[in-house]
Amino acid sequence: MNFGMLWLPIFILYNHTFQISFVSSFFYRFLPLFMTVLLSADAEECFNKVVNLFLENDRLNMTARYCKELGESYELQQDFRKAIDYLERVADLFENEEVTSSANQYKKKVAHLAAQLEQYPKAIEIFEETARQSVHSNLLRHSVKGILLNSEICELCKGDVEIDPAFAGTHEHKLLTDLAAAVDEEDVEKFTGSIKDFDGITRLDPWKTALLLRAKNKLHEKKNEEDDLT
């Protein structure tokens, strides 16, 4: 089936009824088909045309909903670049509507995916931006420390460690200080032990664990390369 041709009945339906709700209902019925053929260029083209139609009619919630669905489907397929494209659109839509909590939710999701692609500067910028926005909100302030820790882990993967003063006196500060020392000393065992100690107090989520493992492997490779030269 040529999914690009789905645009034709959708366009005709809209021109005859001028009811965007009919278009939404029609499109939603076919959404599962889009999710099974995401690698099809014509399916994605049709999807984008429908989304643009929603935008032209100020149906921002519909646009965000469908972009979220497609972005998360790409994420499940581990096509993180395309997932980022659609989830960034969701974040922008919420930000334009000044729905800060929802915008930050999807920005952080984009940052997580960017870090998985080793786009650390992009991830760090997003984490720091959302932390700055969250610190002024009573509802979001509690999440700031976790967001900044994500940023610091990305810095570590990038090869830099600049511990934020906000961590002073916390378990996170000890973790980051110990990891920075382990990197300077090229001590893989110390690096591993620091993570294990922290995880015994505050459970690390899979994303943090994966990035810390990546940083550990880089440290191990660097140490082996230097040992080979001696």
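Read-outs throughout are calculated quantities, based only on the coordinates presented, and are distinct from any laboratory measurement. Quick caveat: nothing in here was measured; it's all calculated off a predicted structure. With ideal geometry, Cβ positions are generated from the backbone for all residues, glycine too; neighbour counts draw on all protein chains shown.
Before moving on, here are some points about what is shown:
- Pairwise label distance in nanometres, Glu98 with Asn61, each label 7 Å out on the Cα-Cβ vector: 1.9
- Segment Lys49-Asp197, length gained on full extension (0.36 nm per residue, minus Cα span): 48.2 nm
- Ranking of Glu72, Glu225 by count of other Cβ atoms within 10 Å, fewest first: Glu225, Glu72
- Inter-label distance, nm, simple model (7 Å from Cα along the C-beta direction), Glu118/Glu162: 2.3
- Cβ-to-Cβ counts within 10 Å put Arg141, Arg59, Arg203 in ascending order as Arg203, Arg141, Arg59, the fewest first.
- Relative protection proxy for 89-95, 162-168, from highest mean packing down: 89-95, 162-168 (other beta-carbon atoms within 10 angstrom).
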